[in-house]
């Protein structure tokens, strides 16, 4: 058997590098690679020379030096004597916090608005269209500074809550206070104690576990929370079992037993009992002197960023949801209705499973955008990754190269994680087609 | 499967087969991944031959003619077209492609160009023909496929049959010595098949060397001098049309013919 | 068996539909009060609209256009006896030019205006392919080199020499094509203009200017600001990124693994990091990456980074366009003997780019909105200018009027662009059928 790829009897001529399909691709790739390496080399040599001229070196030792600045909103304990690395960690956690909270709210608002845009009530649909156009045609940064201004300019100062006849009053049974310094909400606590720290009841909670000693990664895990969360997960799993039993019964007999109340009870009851056993209570904010104490203080910077990011993203989510539903409904609804399926089941059996396929990939890329946009926190002073590592740490240490590169790398990892999740999802729901 | 009810009358005066070899395929093999699509293909086509290739779907017939202008690359064996061997030398590939015309099942006209521009594009950019001459040539062939009046329309404005005739004219503008047809009528509505087949018959009458994958058995009987039946990537049977249709030798062929003509 | 045979004797005339189905009443019934739930929604919506308008309109209705300071505004409003205060438009009257042009010299403002008007003329043949005359494409080509000259000023020789770059590259390609082969001549054809721009344009232009001093006044980029800055960064970044983006998209679609992974790596890196980090690179690092002694000013650096940013997004848009083309187009081009570059230039890209235009417009809208981020690194775009306006004692404490004005301008331009993009999408879909 002869081989096809045998041009010109095997003798090699230089022109074959370009005119022979076996060598041509290698030639082009090597040229491209050399060009790329030259570019990188050029950039690196420039950088090295410039840094030498400035008398700077490259190193990451600065990360273990004390940061020396305060972070007013943080998820773990931190003070200004902690290292830059821990300050950066606080920033990263704040980024993740705003991203998760933002995505949740954007999804809720976006789905509602997207569905209402399809309402057959003309007025409602119009209002939602105005919302969508208004939010997505104005820069998100403007929405962020605008929300911040609204919070600062329109909410009462804490002092308005003072006195016999206060100008402002708290909401929800004296548990939520909106002030121009931020929003105070009740804080979940376990194991009530008196002033000396002695437990007031036998339900005293379990305390915390300290991980990583004194290292920059240290954090405390509340055992009560673990107990409650694991009860909740167990409840959800039980509920899944009940659903599966219902499926089995339906398969066998054709009739589906009503199970939603059992399933709800399986999720809610054990968790409530666990909360009670752990001595759960809400620590309400109280006015002490000129300010509120107790409770959780959500600063204006956080609220403004959260509102602006989620309302802005919600406009895009609404369009995605609307598009997804429009893409599927029509023929599919008619086909299902013609089979005699009731409207509610049409939605859950036919429309949603297909619409989700269309909706979820762009939805996740909106989550990605929201996460990246959360870096605009710096405009309102919320200390996220940009504000700590690429902000104050950079300014104090003068380590531009290291700080900016690290920040980019961390954001890149977050993005890759999100898009990795999206790829897994896409592959799992891909329509089986020839 | 649509077949022509009546055998068209064909003027055979200019259909002459010479001894000159147009395409020589020796021991050719091709795989898609691990799937062996073409197995030990040996085929010699002489200048002036009109060959119809038929067979069940997935038998490799399209892949075979796509190998002849290297839209697909073969992995073993030898293909020589007009004396030029198809191998990794890209100059040879370019030469063969500009000498061999191809008509696709889905026309593949360029929708952003007018019919005339579709026809002049390759002559101008590949053959380096002066624009004026390219236009004259294009009009000549458009007249030949009987749609000169559509020259300034866009492909999207034409019917399927008209589009396929433009595709034929576009190939002819490169003055090919061999034409390959890959199921040229399969994507057409029944009433448009005839106009395309008429054009192909006219080409055959002028002595063009043609390889045609088609299920139009009326066309095969009237025009072809040889019918090749392929199955499972192999040439199972080849014969002149009369013998092939009236007296098929292999069981696979008999089964295939009974399926497409039986109803 | 029933007898169902029947023949109509006289045909029925056309009749009006029932009154409840047509006219305003019918419409109201259909769209607002089709059921109790719908009616409740309508009432709630009407209340919501009233609530919003009642809060905003009294505030908007405020004759303060002539006030020279915030306190003057407050006096006017107090005289009118308005309870909830009112807008202070004096700041817009006084500062609208600054919000539009930044600190661009007053007497030279015709230049950005001319550039802006020229932009529409230059875009017409691209955006309205059916109606605009094709000859305008020549203007589009010339505009690419004239616009920066109008904005920054300087010797007329500079744009002419810059425009000579591609010509030089093409001539080099043509001459060398036969001598050293296709690939090498393409590389040289790209390299020669780049080197020419980097090393020769400056000296030659200076030389020519000293002989024939033809030129307009130079405006430094630190004077750029306001909307002009946003539009200018957006336009420059998008125009250059179109070229880069097409190259990246072709790279990503390529069979050549190294080329493919280099493109994918670049695109995914840029799309994976927030724009603000890239702007920090512009403000702190870019000069470190450049050869010692280079000192690009901050606006130029921002433009470089914005271009890289936009090119990754454009690349994805163009990739979508490439992927949407049927395989048959590539095969037909191959079968006719067109080589890769000819097939791309004559067959693939014209079609892929055409279907990418809506995506490109969306990318531009996104980038235009994102240009506000430059305020974070201290540039005076509209949001950056609000800070400096508030620093003026007269306008200390003014918020809503400025943000409202900026939001309105952004809204109008972005809304118009997105409508155009939707119109085009619809048209493309119609053409396709």
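The values are calculated or read from the model by the stated rules, or taken from the named source; none is laboratory data. Note that the structure is a prediction, hence the values are computed from the model and not measured. Because the Cβ atoms are built from the backbone with ideal geometry, glycine has one as well, and the counts that use them run over all protein chains shown.
Suppose we keep only residues that are more than 8 Å from every other protein chain (Cβ to nearest Cβ) and within 25 Å of residue B:67 (Cα to Cα) within region A:1-14. Which one would you say is modelled with the lowest pLDDT? Reasoning before the result, please.
Taking region A:1-14 as the starting set, the residues that turn out to be more than 8 Å from every other protein chain (Cβ to nearest Cβ) are A:9-14.
Going one step further and asking which of them are within 25 Å of residue B:67 (Cα to Cα), we end up with A:9-10.
Working: A:9: 48, A:10: 55.
Checking each candidate, the answer is A:9.
Residue-wise test of (1) in contact with a helix residue (DSSP H, G or I) (Cβ under 7 Å, 6 or more places away or on another chain); (2) away from every other protein chain (no Cβ under 13 Å).
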site: A:77; (1), (2): no, yes
site: A:86; (1), (2): no, yes
site: A:90; (1), (2): yes, yes
site: A:102; (1), (2): yes, yes
site: A:105; (1), (2): yes, yes
site: A:108; (1), (2): no, yes
site: A:116; (1), (2): yes, no
site: A:124; (1), (2): yes, no
site: A:128; (1), (2): yes, no
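Please state which one of B:148, B:190 is within 29 Å of residue C:430 (Cα to Cα) and free of Cβ contacts under 8 Å to residues at least 24 places away in the same chain. Full working, then the answer.
Details: B:190 fails: free of Cβ contacts under 8 Å to residues at least 24 places away in the same chain.
Exactly one of B:148, B:190 is within 29 Å of residue C:430 (Cα to Cα) and free of Cβ contacts under 8 Å to residues at least 24 places away in the same chain, namely B:148.
Report whether or not residue C:55 is in contact (Cβ under 8 Å) with a residue 60 or more places away in the chain, under 30 Å from residue C:230 (Cβ atoms) and within 14 Å of chain A (Cβ to nearest Cβ).
Details: in contact (Cβ under 8 Å) with a residue 60 or more places away in the chain: no; under 30 Å from residue C:230 (Cβ atoms): yes; within 14 Å of chain A (Cβ to nearest Cβ): yes.
The answer is no for residue C:55.
So residue C:388 fits all but one of (1) surrounded by 17 or more Cβ atoms within 10 Å (Cβ to Cβ); (2) assigned to a helix (DSSP H, G or I); (3) away from chain B (no Cβ under 14 Å); what number is the exception?
For residue C:388, the failing item is (1).
Give the residues of region C:80-131 that are out of contact with any strand residue (DSSP E or B) (no Cβ under 9 Å at 6 or more places or on another chain), modelled with pLDDT of 85 or more, under 30 Å from residue C:397 (Cα atoms) and assigned to a helix (DSSP H, G or I), sorted by residue number.
Of everything in region C:80-131, those that are out of contact with any strand residue (DSSP E or B) (no Cβ under 9 Å at 6 or more places or on another chain), modelled with pLDDT of 85 or more, under 30 Å from residue C:397 (Cα atoms) and assigned to a helix (DSSP H, G or I) turn out to be C:90, C:91, C:92, C:93, C:94, C:95, C:96, C:97, C:98, C:99, C:100, C:106.
Would it be correct to say that residue C:222 is in contact with a helix residue (DSSP H, G or I) (Cβ under 9 Å, 6 or more places away or on another chain), under 29 Å from residue A:42 (Cβ atoms), within 13 Å of chain A (Cβ to nearest Cβ) and part of a helix (DSSP H, G or I)?
Numbers: in contact with a helix residue (DSSP H, G or I) (Cβ under 9 Å, 6 or more places away or on another chain): yes; under 29 Å from residue A:42 (Cβ atoms): yes; within 13 Å of chain A (Cβ to nearest Cβ): no; part of a helix (DSSP H, G or I): yes.
Spelling it out, it is not the case that residue C:222 is in contact with a helix residue (DSSP H, G or I) (Cβ under 9 Å, 6 or more places away or on another chain), under 29 Å from residue A:42 (Cβ atoms), within 13 Å of chain A (Cβ to nearest Cβ) and part of a helix (DSSP H, G or I).
Has region A:15-32 got at least one residue that is more than 8 Å from chain C (Cβ to nearest Cβ), at pLDDT below 75 and loosely packed, with under 10 Cβ neighbours inside 10 Å?
No - not one qualifying residue is present in region A:15-32.
Among the residues that make up region C:324-331, is at least one of them surrounded by fewer than 19 Cβ atoms within 10 Å (Cβ to Cβ), outside any helix (DSSP H, G or I) and in contact with a helix residue (DSSP H, G or I) (Cβ under 8 Å, 6 or more places away or on another chain)?
For region C:324-331, residues surrounded by fewer than 19 Cβ atoms within 10 Å (Cβ to Cβ), outside any helix (DSSP H, G or I) and in contact with a helix residue (DSSP H, G or I) (Cβ under 8 Å, 6 or more places away or on another chain): present.
Which one of these does residue B:128 not meet: (1) surrounded by 19 or more Cβ atoms within 10 Å (Cβ to Cβ); (2) more than 9 Å from every other protein chain (Cβ to nearest Cβ)?
All conditions are met except number (1).
Report yes if residue C:398 is part of a loop (DSSP other than H, G, I, E, B) and either without any contact (Cβ under 8 Å) to a residue 12 or more places away in the chain or crowded, with 19+ Cβ neighbours inside 10 Å (or both), otherwise no. Give the steps one after another, and end with the answer.
Numbers: part of a loop (DSSP other than H, G, I, E, B): yes; either without any contact (Cβ under 8 Å) to a residue 12 or more places away in the chain or crowded, with 19+ Cβ neighbours inside 10 Å (or both): yes.
Yes; evaluated as a whole, the condition is true for this residue.
Residues that are out of contact with any strand residue (DSSP E or B) (no Cβ under 8 Å at 6 or more places or on another chain): list the strands (runs of 3 or more DSSP E) wholly contained in region A:245-322 that include at least 1 such residues. Break it down into steps so the answer makes sense when it comes.
Numbers: elements: A:280-283, A:286-288, A:291-293, A:296-298.
Once the strands (runs of 3 or more DSSP E) in region A:245-322 are filtered for at least 1 residues that are out of contact with any strand residue (DSSP E or B) (no Cβ under 8 Å at 6 or more places or on another chain), what remains is A:286-288, A:291-293.
When the residues of region B:235-256 are filtered to those that are within 19 Å of the chain's Cα centre (by Cα) and in contact (Cβ under 8 Å) with a residue 40 or more places away in the chain, which remaining residue is farthest from residue B:44 (Cα to Cα)?
Top of the filtered list is B:241.
From the list B:38, B:116, B:4, which residue is in a strand (DSSP E or B) and either more than 25 Å from residue C:325 (Cβ to Cβ) or at pLDDT 90 or above (or both)?
Only one candidate passes the filter, namely B:38.
Would you mind stating whether residue A:381 is within 14 Å of chain C (Cβ to nearest Cβ) and more than 30 Å from residue A:66 (Cβ to Cβ)?
Details: within 14 Å of chain C (Cβ to nearest Cβ): yes; more than 30 Å from residue A:66 (Cβ to Cβ): no.
No: the conditions fail for residue A:381.
Residues that are crowded, with 22+ Cβ neighbours inside 10 Å and either touching a strand residue (DSSP E or B) at 6+ places or on another chain (Cβ under 6 Å) or within 14 Å of chain C (Cβ to nearest Cβ) (or both): does region B:187-201 have at least one?
No, every residue in region B:187-201 fails to be crowded, with 22+ Cβ neighbours inside 10 Å and either touching a strand residue (DSSP E or B) at 6+ places or on another chain (Cβ under 6 Å) or within 14 Å of chain C (Cβ to nearest Cβ) (or both).
Can you tell which of C:379, C:409 is within 13 Å of another protein chain (Cβ to nearest Cβ), in a helix (DSSP H, G or I) and more than 23 Å from residue C:244 (Cα to Cα)?
Details: C:379 fails: in a helix (DSSP H, G or I).
Result: C:409 is the single residue among C:379, C:409 that is within 13 Å of another protein chain (Cβ to nearest Cβ), in a helix (DSSP H, G or I) and more than 23 Å from residue C:244 (Cα to Cα).
If a residue has to be at the interface with another protein chain (Cβ under 10 Å from one of its Cβ atoms) and part of a loop (DSSP other than H, G, I, E, B) to count, how many in region A:130-175 make the cut?
So the answer is 3.
Residue by residue, here is whether (1) modelled with pLDDT of 90 or more; (2) over 19 Å from the mean Cα position of the chain (by Cα); (3) surrounded by fewer than 21 Cβ atoms within 10 Å (Cβ to Cβ) holds:
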| site | (1), (2), (3) |
| --- | --- |
| A:342 | no, yes, yes |
| A:346 | no, yes, yes |
| A:357 | no, yes, yes |
| A:403 | yes, yes, no |
| A:409 | yes, no, yes |
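What are the residues in region B:64-104 that are at positive phi and more than 9 Å from chain C (Cβ to nearest Cβ), if any? Working first, answer last.
So in region B:64-104, the residues at positive phi come out as B:70, B:77, B:82-83.
Passing the criteria: B:77, B:82, B:83.
Mind telling me which of the residues C:335, C:324, C:343, C:352 ends up being within 14 Å of chain B (Cβ to nearest Cβ) and touching a strand residue (DSSP E or B) at 6+ places or on another chain (Cβ under 7 Å)? Walk me through it before giving the result.
Working: C:324 fails: touching a strand residue (DSSP E or B) at 6+ places or on another chain (Cβ under 7 Å); C:343 fails: touching a strand residue (DSSP E or B) at 6+ places or on another chain (Cβ under 7 Å); C:352 fails: touching a strand residue (DSSP E or B) at 6+ places or on another chain (Cβ under 7 Å).
From the options C:335, C:324, C:343, C:352, the qualifying one is C:335.
Please find, among B:26, B:72, the residue that is more than 22 Å from residue B:197 (Cα to Cα) and out of contact with any helix residue (DSSP H, G or I) (no Cβ under 6 Å at 6 or more places or on another chain).
B:26
Which ones in region C:159-190 are within 13 Å of chain A (Cβ to nearest Cβ) and either under 29 Å from the mean Cα position of the chain (by Cα) or closer than 21 Å to residue C:147 by Cβ (or both)?
Within region C:159-190, C:190 is the sole residue that qualifies.
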